[in-house]
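The values are calculated or read from the model by the stated rules, or taken from the named source; none is laboratory data. As the structure is a prediction and not an experimental result, all values here were calculated from the model. A quick note on method: Cβ atoms are made from the backbone with ideal geometry, for glycine too, and the neighbour counts reach across all protein chains shown. Side chains included, ligands, DNA and RNA excluded: accessible areas come from the protein's heavy atoms. Shrake-Rupley method; radii C 1.70, N 1.55, O 1.52, S 1.80 Å.
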Amino acid sequence: MRLALFEPDIPQNTGAVLRLAACFGLGVDIIFPCGFVFDDARLRRAGMDYIDRVDLRRHTSWPAYLAAARTNSGAGRLVLLTTRAAAPYHTFGFQPGDTLLLGRESSGVPDHVHDAADHRLVIPLRPGMRSLNVAMAAAIVAAEAQRQFSLSVELP
């Protein structure tokens, strides 16, 4: 399973996602441009020494990401986490080849990216609440996917 960050805005959140990925054994795709210098000190501080333990792939743009994903024979479904979805994440059947796509903290993803996803999932929130921090959303959904995988595969 992989996490893909579409044009991330906040280095601390990106660092936290990289740390999450290292701890869960997930790959990460960063889709540029970012709203910060990618080697920024805040990114390193948030990701700590975990960043070097992540299968990290950088893509210059959304089209470059899609081209790379299409050529990867092991690529599975593209699953977008979005507040515009109707299907709650906890009712979805995750597969090990899935990529969880997360949008910009400031604006999510544009319509053409939204439309390219194979599935769109939402994390249900209390009425009146807009959204969660992108790193927190990644952790919640990745943990559910890992839980589903552990039901059928013994973890080390």
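Only helices enter this figure: runs of n ≥ 4 DSSP H residues, each worth -39500 (n - 2.57), summed and divided by the residues of the chain, yield -11000 deg cm²/dmol at 222 nm to the nearest 500.
With the simple spin-label model, which puts each label point 7 Å out from Cα in the Cβ direction, the Arg57 to Thr83 separation comes to 3.0 nm.
Residues of region 105-144 with the amide nitrogen closer than 11 Å to a label point 7 Å from the Cα of Thr91, along Cα-to-Cβ, please. From region 105-144, the list is 122. Asp55 exposes around 80 Å² of accessible area when a 1.4 Å probe is run over every protein chain in place. Taking all protein chains as they are arranged and a probe of 1.4 Å, the heavy atoms of Asp39 leave approximately 120 Å² accessible to solvent. Solvent-accessible surface of protein heavy atoms, probed at 1.4 angstrom with all chains present, puts Met1, Met136 in the order Met136, Met1, largest first.
Here the extension length gained between Arg126 and Leu66 equals 18.2 nm, from 0.36 nm per residue of separation less the Cα-Cα distance.
What the pair-distance distribution of region 84-152 shows, using all Cα-Cα distances binned every 5 Å from zero, is 3, 14, 26, 28, 18, 8, 3, 0 percent.
Max-minus-min Cα coordinates of the chain on each principal axis give 40, 37, 34 Å, with the largest extent listed first.
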